[in-house]
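To keep things clear, I will list the structure first and then write my remarks on it.
The values are calculated or read from the model by the stated rules, or taken from the named source; none is laboratory data. Source: prediction; values computed, not measured. Please note: Cβ atoms are built from the backbone with ideal geometry, for glycine as well, and neighbour counts cover all protein chains shown. All accessible areas refer to the heavy atoms of the entire protein, side chains included, with ligands and DNA or RNA removed. Shrake-Rupley method; radii C 1.70, N 1.55, O 1.52, S 1.80 Å.
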Amino acid sequence: MHDPTLQGPGSKGLSRRGFMVGTGSMLGLGALGHTGTAQAATARTIASIGNGAHVPVLVIGTGYGGSVAALRLAQAGVNVHMVEMGMAWDTPGSDGKIFPRITEPDQRSFWLRTRTKQPLSNFLGFPIDRNIPRYTGILDAEDFSGITVYQGRGIGGGSLVNGGMAVTPRQEHFGSILPSVNAGEMYTTYYPRANATLGVNHVDPAWWETTACYQYARVGRKHAQRSNFPYVLVPSVYDFEYMKQEMAGSVPKSATDTELLYGNNHGKKSLQKTYLAQARATGRVTISPLHKVTSVVPASGGGYTITIEQLNTNGDVVATKTVTANRVFFAAGSVGTSKLLVKLKATGALPGLNGEIGKGWGENGNVMCGRANHLWDPTGSLQATVPTGGIDNWNAGGAFAEVAPLPTGIETWASFYLSITNTPQRAQFTWNASAGRVDLNWQTSWKQTSINMAKTIFDKINSKEGTIYRTDLFGVYKIWGDHLTYHPLGGAVLNRATDNYGRLHGYSGLYVIDGALIPGNTTVNPFVTITALAERNIEKIIATDL
Ligand code: FAE
């Protein structure tokens, strides 16, 4: 059965199974004629896919990789249906806001939990988690045996919840990140394309030097520099002009009002405002929120049959749908894509996937810590939630430490850091047949190498400043946040589980296009690299496969 919501302008008369390729990028925004048409096209692009529908391309997930694929395919004239297990996040709650503050988590904050699981579990040694109603909230704290992996859920994926730090790795490090990829092309073409489309911007250094909301960052810089570490200001997808206006009191406050981890109501350019807005405006991209893909198998007549569960906001399955697609892009994030592929290979749905599926997973060496400053070094009661800088000790010590906010609303005299470290540890996803789930064999003790690398920065700073580590943020007398990651990477690694452009070995028309392609580490925060790699791969796929 054909689903009419999948028809975009100009798609009439094209065969159901055929790709609608032809006029290339001319069929982007411009082809819609005028703004009214574009708005109308955008308005009908959130839908619920029909049981029995056939689509040319189905994209699983709406994070960075999926959004790049959808936009570029649509611009090439291809109709795309995106399936997203999380919510649309386009409707305000009873408080009039779509997203709650970090300091006031409620049901919107967590994915199907009855108690919050905040990354900072304690404050002054006291647990700060609280009971909440079970709901399809925005942040998933997904527990594996040795690690909790934080991920965004909803249209926009991780872009809904992340810190917005848009960091391009140093080119000299690129060979260690993706050895089979031409670095020159990435730095001249795909990183610039990703940064431009993501709306990456730089903070005005003169404003940064004086604004109250970045006092914590300036204290972080001062301590880094006094210990001879380079401190770098990094770009962001938070609109710093908007933040200036927040501080001037002329617009609603967002980053300066503790919004970030559970969504951001104003200044952040999440994918909903960038790639996905452009994709939806083509009229060729439709998104089904609260739909979760559970299976992909080859269809008898060619293409693939996809099983999708439709969820309500309790997480209950309210319908199970079967649709077919000529091509399927796995963009469910490193964990989501790996879990699907491992299950599909092990259960016989896609037995021809190769032995690299599930391997090469890393957590970008994430480890957190806080330092207790002297009373004459306050970090400020008002802290913008968007980080702007980091301490770069990668070459000497294997750590790049983001100077992170601790937006409690009170003076804490604490400096807080998320370190990305050069950990060699890699884990593997495997199918646990008796439990009917995918396991990950990460061990918490493996974080010790990351802690040692982070200590190359913070032991030195503490010694120079005469300060100590905070022990009250992750438990009672616990210094290191070593139980979690924000940066899952790998599980379907480029040029191993796939070819050098993300085509899965063993199945024509199946692609991976998200963080699962990257083997465990990006040396800095990952989303710009995930986006740039997706730009590179989709350009090749459009040119050669369509
Ligand atoms: P992702 O953005 O995770 O998108 C995958 C999507 O697929 C999600 O929307 C899922 O709900 C959906 N999905 C999963 N399984 C299914 C299924 N079976 N069916 C349908 N849909 C499904 O993937 N990175 C930075 O570079 N800078 C930062 O400042 C930064 N801060 C972060 C802070 C936090 C708290 C977190 C959690 C992450 C942060 N990250 C940051 C990491 C970044 O958000 C992450 O690397 C990217 O979002 C990963 O992009 P993907 O496209 O791989």
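One table, with the values for the structure above:
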| read-out | value |
| --- | --- |
| Calculated FRET value between residue 374 and residue 129, using beta carbons and R₀ = 22 Å, to 0.05 | 0.15 |
| Integer Hz, Karplus 6.51/-1.76/1.60 couplings in order for the range 375-390, x for Gly and Pro | 4, 7, 10, x, 9, x, 7, 9, 10, 4, 6, 8, x, 10, x, x |
| Separation in nanometres of the label points that stand 7 Å from Cα toward Cβ, at residue 90 and residue 103 | 3.2 nm |
| Candidate lysines for bridging to residue 455, where Cα separation is under 25 Å - those fewer than 8 sequence places away on the same chain excluded | 222, 447, 464, 478 |
| Considering only the chain, percent of DSSP beta bridges that pair antiparallel, nearest 5 | 75 percent |
| Semi-axis lengths (Å, descending) of the ellipsoid that matches the C-alpha gyration tensor of the range 196-295 | 33, 17, 14 |
| Candidate lysines for bridging to residue 97, where Cα separation is under 16 Å - those fewer than 8 sequence places away on the same chain excluded | 253, 268 |
| Stretchable slack from residue 507 to residue 463, in nm (0.36 nm times residue separation minus alpha-carbon distance) | 10.2 nm |
| Residue 410-residue 297 pseudo-label distance in nm [points 7 Å out on the Cα-to-Cβ vector] | 5.8 nm |
| Residue 209 paired with residue 318, simple spin-label distance in nm, labels 7 Å along Cα-to-beta-carbon | 5.6 nm |
| Coarse-grained scattering of the chain at q = 0.06 Å⁻¹, given as base-10 log I(q)/I(0) from a Debye sum over alpha-carbon atoms | -0.27 |
| Efficiency of FRET between residue 443 and residue 176 - r from beta-carbon atoms, R0 22 angstrom, step 0.05 | 0.45 |
| Distance between the range 373-451 and the range 479-533 - C-alpha centres, whole angstrom | 19 Å |
| Shape of the range 258-400, Cα gyration tensor, a/c cut at 1.5 | prolate |
| Hits among lysines - C-alpha to C-alpha of residue 345 under 24 Å, sequence gap 8 or more where chains match | 292, 321, 359 |
| Given charges at beta-carbon only (K, R positive; D, E negative), |dipole| of the chain in Debye | 720 debye |
| The range 297-389, dipole about Cα centre (Lys/Arg Cβ +1, Asp/Glu Cβ -1), debye to the nearest 20 | 300 debye |
| Accessible area of residue 391 in the full protein assembly, 1.4 Å probe (Å², nearest 10) | 0 Å² |
| Two-decimal Rg/Rh across the range 381-505, once Rg and the Kirkwood Rh are taken from alpha-carbon atoms | 1.05 |
